[in-house]
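Here's the structure, in structure tokens; my notes come after.
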Amino acid sequence: MKLLAIILSVVILSACSGTKVQRIDSSETIDLSGAWNDSDSRMTAETMVADVLNRPWINRHVSKHGKPPTVIVGSIKNLTHEHINTNTFVSDIERELINSGMVEFVASAKQRGDIRDERKDQDLNSTEATRNAAGQEIGADYMLTGQINTIIDANASTQLRYYQVDLTLISLADNRKVWVGQEKIKKLVENSKLRY
């Protein structure tokens, strides 16, 4: 019994000692599987936001209204063959838009619900001097929506992964599309144990 306990302890300890963790720079591009990853999300957001902010719609809006446009990001649909957390992609887009200083940005529907609940609480529990009144929200002028698609082409141990991200900026006043952007990523993956 003691011998069995010792052997079991050695097996467990040797299994645990095989784990190695290495901290790396979060901006470093590492592609382990060839699937959509954090680098694809970040680089695509940076490229597409740079494009949308350098198109004529923004100058037309400022000329007409005398102020920067107010934007909200709507749904970004994942129509790929794999699981993609589109929330991280949306966050990357929001960060790039907000930090550009060229547009105003409003909270998402979920965030607005939480903020409205807080205002109701303040209405009951906060002093009049510190209370934030309801009905003071700023409406968005434009909504950014889109989708991520893939095409997979595979043969034996080689696979070509093609990602296409399509984004559209739509005027909420009249449903006009004021910008359409597209970013493409191609990855050639070679692995004898590929699964798709």
**Report entry** Search result, residues across region 119-130 that are open to solvent by less than 90 Å² (accessible area, probe 1.4 Å) and either under 25 Å from residue 170 (Cα atoms) or within 33 Å of the chain's Cα centre (by Cα) (or both)
**Finding:** 119, 121, 122
Requested in this report: Among the candidates 156, 173, single out the residue that is without any contact (Cβ under 8 Å) to a residue 12 or more places away in the chain and open to solvent by 80 Å² or more (accessible area, probe 1.4 Å).
Outcome: 156
Query raised in the report: Taking region 86-118 as the search range and keeping residues that are among the aliphatic types (A, V, I, L, M) and open to solvent by 50 Å² or more (accessible area, probe 1.4 Å), which one is farthest from residue 73 (Cα to Cα)?
Result: 115
Query raised in the report: Can you find even one residue in region 55-75 that is free of Cβ contacts under 8 Å to residues at least 60 places away in the same chain, over 11 Å from the mean Cα position of the chain (by Cα) and under 21 Å from residue 108 (Cβ atoms)?
Result: yes
Query raised in the report: Which of (1) exposed (fewer than 13 other Cβ atoms within 10 Å of the Cβ); (2) not in a strand (DSSP E or B) does residue 151 not meet, given it meets every other one?
Result: (2)
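Determine, yes or no, whether residue 41 is of a type outside the set (D, E, K, R), assigned to a helix (DSSP H, G or I), free of Cβ contacts under 8 Å to residues at least 12 places away in the same chain and within 30 Å of residue 138 (Cα to Cα). Step through it out loud before you land on a result.
Numbers: of a type outside the set (D, E, K, R): yes; assigned to a helix (DSSP H, G or I): yes; free of Cβ contacts under 8 Å to residues at least 12 places away in the same chain: no; within 30 Å of residue 138 (Cα to Cα): yes.
Answer is no for this residue.
The values are calculated or read from the model by the stated rules, or taken from the named source; none is laboratory data. Note that the structure is a prediction, hence the values are computed from the model and not measured. All Cβ positions, glycine included, derive from the backbone under ideal geometry; neighbour counts span all protein chains shown. These area figures cover heavy atoms from the full protein model, side chains too; ligands, DNA and RNA do not enter into them. Shrake-Rupley method; radii C 1.70, N 1.55, O 1.52, S 1.80 Å.
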